[in-house]
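Visitor: First the structure, which I've put down as structure tokens, then a few questions once you've had a look.
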Amino acid sequence: MNYKILPDSAGNTLVIRVREQDYNFLKASFNYTNQYKAAILLNATFRNVLGEGSRVLADLRLSENPAVKLHYSIHTPWKPNVGFSQKVAFNIFDAPMFDPEGNKITSFNYRHFLSETEFQSVLSNPLLLGAGLSFNSQYLDANYHTYDSLNIRVTGWQAFGTIVYDNLDRSVFPHLGLRFQMRIEQHFSCRDNNPDISVANKFWSGFFSTDRYIAIYPKFSITGGLATGINEGKNIHPMNFFYLGGENKYETKFFAFPGIPFMSVSSSCFWSGKIGFQAEPWHEKFLFLNGGVVNTAHDLHNLITQFQITYGIEAGAGIKTIIGPISLTFGSNTLTKSLVTNVSIGFVF
């Protein structure tokens with residue numbers, strides 16, 4: 001890096017020249033959550049190996065619920081600031097199945113292959129726009145009996161557009177800022193491997209979510225969030241539903257919600273809201289309390305006119321450590337009326 005100062009009629013102009021250094025690196029981390037159990041996470045980053053200004057990311061989750069992702073991105077000469085992105089991912093985990101009263105029935109072995117091509121533009125530092133095409137192949141395997149099994153495969157394409165705005169002051173236990181995400185999808189060529197099951201071949205889908213942190217005092221924040229998801233069509237396959245109770249970085253339709261078990265609330269359409277507070281009474285040690293409400297329905301009309309309300313609440317504590325954030329929460333809800341405990345240890349990447 002070098003610089004020079006150029007005088008002009010209005011004063012002085014500072015000109016800084018920066019040359020990005022070519023480098024590759026490898027990261028490793030340990031992570032544990034109730035949903036995905038213990039895992040070793042590996043990340044490799046390679047710069048400028050497939051074109052000037054390019055980046056290749058490789059993520060690997062080694063556990064009983066493994067996952068792998070390859071992500072290639074590069075700048076293009078198009079304006080304004082358009083980049084090309086290609087992502088391929090494979091995700092496996094045990095997905096619980098619940099009845100309408102919130103009782104767990106069984107678990108499915110869920111496998112998801114994703115290929116996503118996207119063009120992105122960063123209009124300003126916190127604002128990203130994107131549009132592209134993705135292919136999804138999803139599998140469910142459930143063994144009910146030694147000689148009886150249920151195997152489901154659903155495939156489909158989506159043309160999509162995204163908007164992401166993120167000016168949170170920090171990625172772990174943020175204190176101030178806003179994160180907003182919206183995604184609109186046109187699903188087409190959707191197929192189920194079972195010819196006796198009729199699923200929507202084409203339908204629209206969209207969702208948005210917000211998380212807001214308002215700093216009241218230097219160590220105290222009011223938190224809140226809104227989320228809505230809509231599938232506009234008939235015979236939507238449950239694999240394309242929205243699921244609340246926990247997030248998954250490989251699944252776009254999974255949403256965190258206080259006090260309910262992982263994937264225990266699901267529907268073709270939903271809206272939710274949450275509010276709470278976060279305090280930092282000691283350095284890098286946090287306390288939080290959150291409450292939320294969610295309404296679910298099979299279509300947009302019933303989402304507006306009918307109410308299947310579930311309330312949830314949780315309280316917990318968190319701490320920053322050398323291996324990443326550690327948090328513990330306790331909560332409950334009006335659906336299962338049971339105590340829900342969530343433990344998270346380490347970074348997620």
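Visitor: For the chain, what relative contact order do you get, as a whole percent, if you take Cα pairs closer than 8 Å and at least 6 residues apart?
Guide: For the chain, the relative contact order is 10 percent.
Visitor: To continue, here is another question. Straight-line reach from Lys87: which lysines have a Cα under 27 Å away, not including same-chain ones fewer than 8 places off?
Guide: Lys27, Lys37, Lys69, Lys79, Lys202, Lys249, Lys253
Visitor: Rounded to the nearest angstrom and ordered from largest down, what semi-axes does the equivalent ellipsoid of the stretch 156-283 get from its C-alpha gyration tensor (root of 5λ)?
Guide: Listed largest to smallest, the semi-axes of the stretch 156-283 are 34, 15, 11 Å.
Visitor: Which of Thr117, Thr223 has the fewest other C-beta atoms within 10 Å, and how do the rest follow up to the most?
Guide: Thr117, Thr223
Visitor: Under a point-charge model restricted to the Cβ atoms of Lys and Arg (+1) and Asp and Glu (-1), what is the dipole moment magnitude of the chain relative to its Cα centre, in debye to the nearest 20?
Guide: 720 debye
Visitor: So how do Glu116, Glu314, Glu232, Glu64 line up by other beta-carbon neighbours within 10 Å, fewest first?
Guide: Listed from fewest to most nearby Cβ atoms, that is Glu64, Glu232, Glu116, Glu314.
Visitor: Per DSSP H run of at least 4 residues, take -39500 (n - 2.57); add these up for the chain, divide by its residues and hand me the 222 nm value, nearest 500 deg cm²/dmol.
Guide: The per-residue figure over the chain is -500 deg cm²/dmol.
Visitor: Give me the one-decimal Kirkwood hydrodynamic radius in Å for the chain, with the sum taken over alpha-carbon pairs.
Guide: 22.4 Å
Visitor: Please list 67-73, 322-328 highest first by mean number of surrounding beta-carbon atoms within 10 Å per residue.
Guide: Descending packing order for the listed peptides: 67-73, 322-328.
Visitor: Cα to Cα, under 22 Å, and not fewer than 8 places away if on the same chain: which lysines meet these conditions relative to Lys337?
Guide: Those lysines meeting the cut-off are Lys104, Lys274.
Visitor: If Lys and Arg each add +1 and Asp and Glu each add -1, what is the summed charge of the other residues whose beta carbon sits under 15 Å from the beta carbon of Gly206?
Guide: The answer is 0.
Computed from the coordinates by the stated procedures, all read-outs in this text should not be read as laboratory data. It should be emphasised that the depicted structure is a prediction, and the values quoted were computed from it without experimental measurement. Positions of Cβ are backbone-derived with ideal geometry, glycine not excepted, and every protein chain shown enters the neighbour counts.
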